[in-house]
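Q: Sending over a structure as structure tokens; questions will come in a sec.
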Amino acid sequence: MAQTWYWIGLVAMAVGSGVFGVAAARAPERRWQILWTLYFFICLIAAVLYLVMATGFGSYVSADGTKTTWVRYVTWFTSTPLLLLALTYLGRSSMPLVASLLGANAFMIATGFVATILPEDALSLTWWAISTGAYVAIAWAFLGRYKREAKAALPASGAVFDRIVLVHLILWTAYPVVWMLSPEGLDLVGDGPEALMFTILDIAAKVGFGFLAANSLRQIEQNGEAA
Ligand code: RET
């Protein structure tokens, strides 16, 4: 069952990278080139790694029968910084904020990876909590400083940032929850439902969010605030 979802993920990411790639090549203005190029690479990286998973690689089964799909962390480690760059570009974030978000994000994925590969339950849940601490800091920064800076730079577009931050936080918050439900965490759902949930989240957070980001930029333009 998990395999089917990997193929679906591959197709969605391939279509997404195709659409965003063509849009990037045709974009008349620099701001559109930047945005579409970021989402092109976000989807391209995911497409390649979904191909790895769909063809049965990128994971191992430990002695107790638990399957660990480590290649997900390669995708997340590479694509989440690009997602954050796109958001901070839209919100004209300051360099200190960008640095903090990228740093906390790298910390979150690195410690989440440790949580995933550790065999002992108690230890692995402790690393999950450490990783989630970094995620809470990221969420805090988006609700506070990110919105403040974006609204100071683009005062007519406040609603655009309220919406994009809300959708961003709903999607990203679901990741640690799915992890906790999966065999890596409390083992309440199996590998199949885990693959389904992560695939849907990945498609929404990459392809879906790419369109939301584009829609946000369009609204910023309509508000007369595009640089
Ligand atoms: C893990 C487990 C440990 C605790 C936390 C996690 C958070 C992961 C997140 C991933 C986001 C991925 C995206 C991918 C591509 O679109 C590592 C699952 C907090 C937030 C957005």
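The values are calculated or read from the model by the stated rules, or taken from the named source; none is laboratory data. The structure presented is a predicted model; accordingly, all values stated were derived computationally and were not measured. For neighbour counting, all protein chains shown are included, and Cβ atoms are generated from backbone atoms with ideal geometry for every residue, glycine included.
Q: Can you tell me which of Leu154, Leu201 is within 11 Å of the ligand (Cβ to nearest atom) and in contact (Cβ under 8 Å) with a residue 24 or more places away in the chain?
A: Leu201 is the lone residue from the list that is within 11 Å of the ligand (Cβ to nearest atom) and in contact (Cβ under 8 Å) with a residue 24 or more places away in the chain.
Q: Name the single residue, out of those in region 166-185 being of a type in the set (A, V, I, L, M) and under 12 Å from the mean Cα position of the chain (by Cα), that is nearest to the ligand (Cβ to nearest atom).
A: Restricting to residues being of a type in the set (A, V, I, L, M) and under 12 Å from the mean Cα position of the chain (by Cα), the top hit is Leu171.
Q: What are the pairs, 6+ residues apart or on separate chains, where a residue within region 10-38 that is more than 17 Å from Leu49 (Cβ to Cβ) and without any contact (Cβ under 8 Å) to a residue 12 or more places away in the chain has its Cβ under 6 Å from a residue that is among the β-branched types (Val, Ile, Thr) and part of a helix (DSSP H, G or I)?
A: Going by the 6 Å Cβ cut-off, there are no qualifying pairs.
Q: Quick one: would you say Leu44 is surrounded by fewer than 21 Cβ atoms within 10 Å (Cβ to Cβ), aliphatic (A, V, I, L, M) and over 30 Å from Ala152 (Cα atoms)?
A: yes
Q: Considering only region 121-132, I want to know if a residue exists there that is away from the ligand (no atom under 12 Å from the Cβ), exposed (fewer than 15 other Cβ atoms within 10 Å of the Cβ) and not charged (D, E, K, R).
A: Yes.
Q: Further question: Has region 177-190 got at least one residue that is crowded, with 20+ Cβ neighbours inside 10 Å, at pLDDT below 95, in contact with an Asp or Glu (Cβ under 8 Å, 6 or more places away or on another chain) and polar (S, T, N, Q)?
A: Within region 177-190, one or more residues are crowded, with 20+ Cβ neighbours inside 10 Å, at pLDDT below 95, in contact with an Asp or Glu (Cβ under 8 Å, 6 or more places away or on another chain) and polar (S, T, N, Q).
Q: Looking at region 71-79, is at least one residue closer than 27 Å to Gly158 by Cα, modelled with pLDDT of 95 or more and not small (Gly, Ala, Ser)?
A: Looking for residues that are closer than 27 Å to Gly158 by Cα, modelled with pLDDT of 95 or more and not small (Gly, Ala, Ser), one finds none in region 71-79, hence no.
Q: May I pose another question? I'd like to check something: does region 54-65 contain any residue that is crowded, with 20+ Cβ neighbours inside 10 Å, at positive phi, more than 18 Å from the chain's Cα centre (by Cα) and at pLDDT below 95?
A: Checking region 54-65: at least one residue is crowded, with 20+ Cβ neighbours inside 10 Å, at positive phi, more than 18 Å from the chain's Cα centre (by Cα) and at pLDDT below 95.
Q: Another question about this same structure. Can you say whether Ile220 is assigned to a helix (DSSP H, G or I) and crowded, with 19+ Cβ neighbours inside 10 Å, as far as the supplied structure shows?
A: Here the answer is yes, as Ile220 does meet what is asked.
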